[in-house]
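The values are calculated or read from the model by the stated rules, or taken from the named source; none is laboratory data. Computed from a prediction, not measured in an experiment: that's the story for all the values here. When we count neighbours, we look across all protein chains shown, and the Cβ atoms used for this are built from the backbone with ideal geometry, even at glycine. Calculation scope for accessible area: heavy atoms of the full protein, side chains included, ligands and nucleic acids excluded. Shrake-Rupley method; radii C 1.70, N 1.55, O 1.52, S 1.80 Å.
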Amino acid sequence: MEVHHPHHPTHKKNWSEYIIEFLMLFAAVTLGFFAENVREHKIMNERKDQNLFSILQDLKQDSIYLESTIKYSDDGIRYFQKLKAKLYEFHDNKLSENEFIKFTADNIDSSFVNQTVFLNSSSYKNMIATGNLTYVESKDLKWKLSNYYETWNKRIEVNGDEIDNVNNYLYREHLPIRKTYFNNILESNNTDITKANYKRFYFDVKLIREKLIDENLIIQINVMLNKVEDYNRKIKIFKKFNDELLEILSKKDTH
């Protein structure tokens with residue numbers, strides 16, 4: 001039997017052996033690097049998908065909230081349009097003071113109550129903070145997410161604040177008939193008056209009547225109506241962006 005003896009300690013390797021050993025070591029390191037990179041890429045993709053799923057759930061809640069906000073502003077537009085028409089009739093002597101006051105009293109429950117939009121953007125912010133947004137391959141999706149959260153969300157928040165300011169000023173200074181005020185009074189445990197009796201008393205108060213028939217109310221109603229109409233248009237645009245993102249994120253292969 002032929003026996004192979006190991007090289008003698010003093011044996012000198014030739015260049016081909018060094019090259020082979022180097023290539024084997026390089027291949028091992030390279031394969032290890034690629035394996036780790038693949039594993040890390042897989043983990044990041046999984047985290048990206050988890051983030052997108054969280055955003056999808058947030059968008060579903062946004063959709064419900066935006067629909068509700070649109071309804072509030074639609075109702076507000078109708079209310080202010082009717083009130084504006086009655087104001088013009090009264091100041092044009094086509095409606096008596098008592099008729100106008102009665103209309104105002106009868107429509108307290110339709111008075112505008114703004115619903116400020118406040119959406120949860122924590123999932124999107126977390127995606128940016130962790131760098132997972134870079135793993136989203138679709139440039140269109142990344143642009144739509146940025147447009148939704150960083151542009152339109154902030155724009156809606158600013159407009160919502162403006163609506164609140166104008167709304168509070170209107171009801172405080174010119175139109176003291178906020179329906180929530182009446183509901184709080186009439187639902188109080190400390191009152192035994194009926195709703196009809198309280199309305200009759202309230203609208204006989206001189207200061208209340210003076211504010212309602214003041215010509216300044218026409219100006220403030222116009223300001224409020226313009227604000228609500230503008231807000232309504234923007235909310236509906238925002239809702240379309242929400243619909244688009246819901247459709248995209250529901251298709252996993254577009255991520």
Item checked: Top-ranked residue of segment 205-219 - restricted to ones that are in contact (Cβ under 8 Å) with a residue 24 or more places away in the chain and within 14 Å of His91 (Cβ to Cβ), ranked as surrounded by the fewest Cβ atoms within 10 Å (Cβ to Cβ) -> Glu215
Note to self: Return the pair list, or none, for Cβ contacts closer than 6 Å from residues in segment 122-144 that are at negative phi and surrounded by 18 or more Cβ atoms within 10 Å (Cβ to Cβ) to residues that are acidic (Asp, Glu) and part of a helix (DSSP H, G or I), at least 6 apart or on different chains.
What the structure shows: Ser123/Asp58
Item checked: Matching entry among Ile64, Ile77, Ile70, Ile101 (being of a type in the set (Val, Ile, Thr), part of a helix (DSSP H, G or I), modelled with pLDDT of 85 or more and loosely packed, with under 14 Cβ neighbours inside 10 Å) -> Ile64
Check: Filter segment 220-255 for residues that are within 21 Å of Asn168 (Cα to Cα) and of a type in the set (Val, Ile, Thr); which is most open to solvent (accessible area, probe 1.4 Å)?
Finding: Val223
